[in-house]
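First up is the structure itself, then whatever we jot down about it.
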């Protein structure tokens, strides 16, 4: 039986078992404690009807060696419901794919670019759930359903299952599987008993372990945000990445729109191979044979050969794409443009075509998404900036204009000015051009005339020197990463962000978090490492409170020095930065 089918069946049976036996089993017995925990698990799993999210996985070469190299990131858009149906979409380089499992059949769609640059669209329909579609079950019940299944089976077969309380108030579950391996789970009662750790142990050694961080989406529903998975490479299997870290972002749950994504639409020209009905066809081609693969259609010898083409065929864009491109293009004189709501209907069509997982989301959710587009004679790279419609001016300065947090200064109420819309940025536009255009956009949206004035300012800077030598932070996970935090480790709470790269990139990331320039003078600037930035490291918003800010920065740098072996000196320096000022007599300028 497929995993999704097991999940659906067991979740139904679990409720019946716990209800019918709870009056007969004492909660002081091992069986009673397991029954009680099972009830907590089911209550949490029952809160989530469906979900959508994005899974981000670093693609790392040479992991586990002295010099791992990040090649890039793999992004997948996942959606599933508690009936095991789901959808996964992603990309292999420039090629895109999606797999949809609707409970009866799997539909795999691909959009590949051949060596000539032609887009080839194919769709394959098969009966049953294919292995790759099982990935859609990962986040929404991460480990929770597996644990519920294991407890239910152990209770039914009276095999080993132990429930105890570990240090820190976490619930610990030890359960044996059919192969004799011991699974240990740690669950957080404060988060509806979601599993935050899973270890598999056999033959005197740990085979694998996973550590999971959760976030509330929405309040009262816990959803995984960051996972680190480790496997033992000594088991004889060739694991490419013995340590794998990935994150789930853009999560939405219980929207009621999940079913829409189970009916994917085939664009004209798509070659469809329906293995269930044993027929193949090309969408929009009335001459396609319906009982055989298009490539194997018989050719009438009396039909004259087509005349050779004398020029490249013209690609006709659909009307909606033409309208979208017209609204989102930059003219020759423009370096920056903001397309503000109300958005044109063609925007949704573009986003759904680019991100198929959005097809199942409600219109309001798509309207609230804010994007940054790069422009170089045509629309290029697209980046999601937020999902709450409005961005503060400070975020626009960093994520649209490209300023570091220490390269601008302004009164807090000006930095918080709310701006909305999609941003189109010229690829080679200078920062001064972008800021001049941004002045006009701010005034149009907020009626606040501002100016960006460049200044040479005396300020506090950090000088980083010495040789990088890693020492793990006591009690921190993952153990092989540098943890960026202010204060004591025991007080750390809230979300965190994982990343990997060179020491130079790491220090730039720290500088942006604290809002202070770091001058890099270490010979280890190109050494690779991974780091975790905790919420307490976001200190730039405290710059108006000089005493508290300086104390927090000093504490954070001390924490980093202990983990990295680097030396950090805080000193006076000079920096070129942009100051945001009120300008009631603003005169419009052109680029």
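Where a number appears in this text, it was derived from the coordinates with a stated rule and is not lab data. Here the structure is a predicted model, which means the values were calculated and not measured. No Cβ is skipped: glycine too gets one built from the backbone with ideal geometry, and neighbour counts run over all protein chains shown.
Some observations on this one:
- In this label model, residue 191 and residue 267 are separated by 3.9 nm, measuring between points 7 Å along each Cα→Cβ vector.
- Segment residue 203-residue 157, extension gain: residue separation times 0.36 nm, minus the distance between their alpha carbons: 14.3 nm
- Panel order for 150, 516, 160, by other beta carbons found within 10 Å of each beta carbon, from fewest to most: 160, 150, 516.
- Cα-projected label distance for residue 344 with residue 331, points at 7 Å along beta-carbon direction, nm: 1.5 nm
- Estimated distance in nm for a label pair at residue 480 and residue 446, the labels positioned 7 Å out from Cα along Cα-to-Cβ: 4.4 nm
- Full extension of the chain segment joining residue 319 with residue 365 gains 14.1 nm, where the gain is 0.36 nm per residue of separation less the Cα-Cα distance.
- Computed over the stretch 319-448: relative contact order in percent, which uses C-alpha pairs under 8 Å that are six or more apart: 32 percent
- Value of relative contact order over the stretch 458-580, rounded to a whole percent, pairs C-alpha under 8 Å and six or more apart: 45 percent
- Annotation: extensible slack from residue 387 through residue 75 equals 110.6 nm (criterion: 0.36 nm per residue apart, minus Cα-Cα distance).
- Ranking of 53, 500 by count of other Cβ atoms within 10 Å, fewest first: 500, 53
- FRET efficiency for the pair residue 583 and residue 456, taken as 1/(1 + (r/R0)^6) with r the Cβ-Cβ distance and R0 = 22 Å, rounds to 0.60.
- FRET efficiency for the residue 118 to residue 431 pair, using the beta carbon distance and R₀ = 56 Å, is estimated at 0.90.
- Dividing the mean sequence gap of close Cα pairs (under 8 Å, 6+ apart) by how many residues the stretch 137-220 holds gives a relative contact order of 17 percent.
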